[in-house]
Amino acid sequence: MVMERFAAYIAEHQARLRAELAEIVRLPSVSAQNRGITETATFVEQRLRRLGAETRLLSADGGNPLVYATIGNGSRTLLIYDHYDVQPAEPLELWHTPPFDLTERDGKLYGRGVADNKGNLMLRIQAVEAWLATEGALPIRIVFVVEGEEEVSSKTLPAVCRTYADLLRADGCLWETGGVDLSERPVVTCGAKGIQYVELVARGASYDLHSSYATFVPNPAWRLTWALNTLKGPDGRIRIPGFYDRVRPPSAADLAALATIPAGDDEALLADFGLTAFLDNVRGTERLRRHLFEPTCTICGLVSGYTGEGSKTVLPSEARAKIDFRLVPDMDPAEVLQQLRRHLDAEGFNDIEIIDLGGEHPARSPLDATIVQAAVASARDVYGCEPILYPTMAGTGPMYPLCTALGTPVASGAGCGYHGSRVHSPNENIRLADYERAMRWMGSLIKHFAS
């Protein structure tokens with residue numbers, strides 16, 4: 001499905017399109033730190049208005065504004081979900097260039113949020129611009145939904161979805177993610193894991209003490225260590241009673257799709273991660289099965305006492321751990337939170353505070369849905385090879401309230417990600433060639449979805 005004028009428009013205007021991307025990366029929209037949110041929402045809304053879309057800002061429960069925009073007409077409605085908020089840039093000293101200055105180096109663009117998710121957001125808007133300039137009127141109705149809380153578990157999005165359900169229903173949803181894998185084949189995913197994120201806090205004395213007092217003063221760092229030790233065993237099993245009760249085994253269709261996913265990248269992944277082996281020496285298809293279909297319990301961060309240079313003999317007054325639980329169908333984040341509280345109490349740790357930092361339900365979409373087939377066919381057109389179809393991604397997003405709960409099938413695609421994007425890490429980046437090719441993927445997806 002050749003779209004030569006469309007591709008030529010992108011090539012002709014690439015400097016301006018890249019400058020637009022630099023503008024939005026320059027806005028430090030860090031939702032965890034409540035920075036740059038209003039300015040970035042305004043930027044996105046104004047850009048969509050210049051595109052010709054009708055826009056409005058939606059919100060609920062005092063949350064960050066969600067940019068809602070509609071453009072085009074047609075018998076089918078495509079909802080495009082992206083987010084304008086980004087992860088914190090810290091640790092700043094590990095960046096080679098300032099994180100909020102989009103920097104080109106060796107065919108790549110570096111900057112916080114350029115891969116997650118401002119690159120995909122902008123290239124999709126710009127692809128619609130290219131369509132209107134070269135193909136004419138859109139053959140479908142497109143609804144852009146661009147939120148500002150994705151990196152903090154989309155706290156108020158479920159309320160927005162309940163309040164504005166009629167505005168958000170669509171025939172298919174293009175999810176925020178998309179790109180190519182290690183073998184440079186495009187990837188299409190049809191679901192997401194859920195999550196429950198918590199912070200555990202152990203407290204001791206009212207202030208840090210000289211470490212000599214450890215003979216008779218409780219140490220919250222040890223207290224928290226012992227509590228953490230009850231959550232997961234050396235065999236990898238999560239020890240919270242009832243945790244696995246709702247886990248839905250992969251279906252026959254899931255396993256059939258799994259069998260088509262290349263799994264020969266073990267050595268490349270090990271080399272990239274700097275490891276000699278994976279957990280339990282798992283490899284190949286079994287590694288993928290675990291990655292896609294099993295829940296997790298991960299210690300994401302630990303802090304207590306003195307961690308600076310040199311020594312300081314101190315008995316800390318507080319210890320904290322941040323933990324995420326990745327969930328699979330049909331697990332419920334609220335139930336996991338309750339199970340965790342009951343488990344800690346039963347193990348004698350009722351003094352450990354649990355701070356709920358947000359949760360998401362897992363979500364899945366039928367593999368034969370129109371949006372999935374359009375994403376696959378358009379990827380095949382643009383990349384000249386068969387895309388890899390994943391029943392779900394191992395990561396998380398608010399797919400359940402926006403899509404599953406409203407009956408909207410969903411697929412990823414038309415994105416510029418690749419394995420080396422370093423999402424959430426210092427030196428986050430995309431490749432220039434991927435950015436421009438993903439715009440062509442988006443154009444082809446519009447055509448396939450319409451037909």
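The values are calculated or read from the model by the stated rules, or taken from the named source; none is laboratory data. If you're wondering where the values come from, they're calculated on a predicted model, not measured in any experiment. Cβ coordinates were reconstructed from backbone atoms using ideal geometry, including for glycine residues, and neighbour counts include every protein chain displayed.
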First in the stretch 160-178 and of a type in the set (F, W, Y), second anywhere and in a loop (DSSP other than H, G, I, E, B), Cβ under 6 Å, 6 or more apart
W175/S412
Given the stretch 307-403, what strands (runs of 3 or more DSSP E) lie entirely inside it while holding 1 or more residues that are assigned by TED's automatic domain parsing to the domain that holds S206 and hydroxyl-bearing (S, T, Y)?
none
Of the conditions (1) over 16 Å from M393 (Cα atoms); (2) assigned to a loop (DSSP other than H, G, I, E, B), L269 satisfies every one except a single condition; which number is it?
(2)
For R47, state whether it is closer than 13 Å to I125 by Cα, in the same structural domain as T396 (by TED's automatic domain parsing), touching a residue at least 60 places away in the same chain (Cβ under 8 Å) and of a type in the set (K, R).
yes
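To keep it simple, each residue is scored yes or no on (1) surrounded by fewer than 21 Cβ atoms within 10 Å (Cβ to Cβ); (2) β-branched (V, I, T).
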| residue | (1), (2) |
| --- | --- |
| L48 | no, no |
| A53 | yes, no |
| A60 | yes, no |
| T77 | yes, yes |
| H83 | no, no |
| P99 | no, no |
Within the stretch 273-290, can one find any residue that is free of Cβ contacts under 8 Å to residues at least 40 places away in the same chain, closer than 27 Å to L340 by Cα and exposed (fewer than 12 other Cβ atoms within 10 Å of the Cβ)?
no
Is it the case that the stretch 149-159 has a residue that's farther than 26 Å from H424 by Cα and over 17 Å from the mean Cα position of the chain (by Cα)?
yes
Expected output for the stretch 50-64 (first residue not assigned by TED's automatic domain parsing to the domain that holds L79, partner assigned to a helix (DSSP H, G or I) and modelled with pLDDT of 95 or more, Cβ below 9 Å, 6+ apart or cross-chain) is none
Go through the stretch 358-375 and count every residue that is of a type in the set (V, I, T) and in contact with a helix residue (DSSP H, G or I) (Cβ under 9 Å, 6 or more places away or on another chain).
2
Please find, within the stretch 308-323, the residue that is surrounded by the fewest Cβ atoms within 10 Å (Cβ to Cβ) out of those that are touching an Asp or Glu at 6+ places or on another chain (Cβ under 8 Å) and basic (K, R).
K322
In the stretch 22-32, residue farthest from Y383 (Cα to Cα) [restricted to those that are part of a helix (DSSP H, G or I) and under 18 Å from the mean Cα position of the chain (by Cα)]:
A32
With criteria (1) in a loop (DSSP other than H, G, I, E, B); (2) at pLDDT 95 or above, R290 comes up short on (1)
Would you please name the residue that is nearest to E360 (Cα to Cα), looking only at residues in the stretch 185-194 that are crowded, with 24+ Cβ neighbours inside 10 Å and of a type in the set (A, V, I, L, M)?
A192
Criterion (among the polar types (S, T, N, Q) and within 24 Å of S183 (Cβ to Cβ)) met by exactly one of S451, S412:
S412
Name the one entry in V160, V145 that is assigned to a helix (DSSP H, G or I) and β-branched (V, I, T).
V160
Of all residues in the stretch 196-246, how many are outside any helix (DSSP H, G or I), touching a residue at least 40 places away in the same chain (Cβ under 8 Å) and not charged (D, E, K, R)?
23
Exception for S412 within (1) surrounded by fewer than 19 Cβ atoms within 10 Å (Cβ to Cβ); (2) under 30 Å from Y244 (Cα atoms) falls at (1)
Could you check the stretch 101-128 and list, in sequence order, the residues that are buried (at least 19 other Cβ atoms within 10 Å of the Cβ) and assigned to a loop (DSSP other than H, G, I, E, B)?
L102, G111, R112, G113
In the stretch 251-263, residue farthest from R342 (Cα to Cα) [restricted to those that are assigned to a loop (DSSP other than H, G, I, E, B) and either at pLDDT 95 or above or in contact with a Ser or Thr (Cβ under 9 Å, 6 or more places away or on another chain) (or both)]:
P262
Regarding G305, is this residue surrounded by 14 or more Cβ atoms within 10 Å (Cβ to Cβ), touching an Asp or Glu at 6+ places or on another chain (Cβ under 8 Å) and of a type outside the set (A, V, I, L, M)?
yes
Criterion first (loosely packed, with under 13 Cβ neighbours inside 10 Å, among the hydrophobic types (A, V, I, L, M, F, W, C) and assigned to a helix (DSSP H, G or I)) does A19 satisfy it?
yes
Does the stretch 324-382 hold any residues that are under 21 Å from S154 (Cβ atoms), among the small types (G, A, S) and surrounded by fewer than 18 Cβ atoms within 10 Å (Cβ to Cβ), and which are they?
A334, G358
Looking only at the stretch 172-195, count every residue that is part of a strand (DSSP E or B) and not aliphatic (A, V, I, L, M) and tell me the total.
8
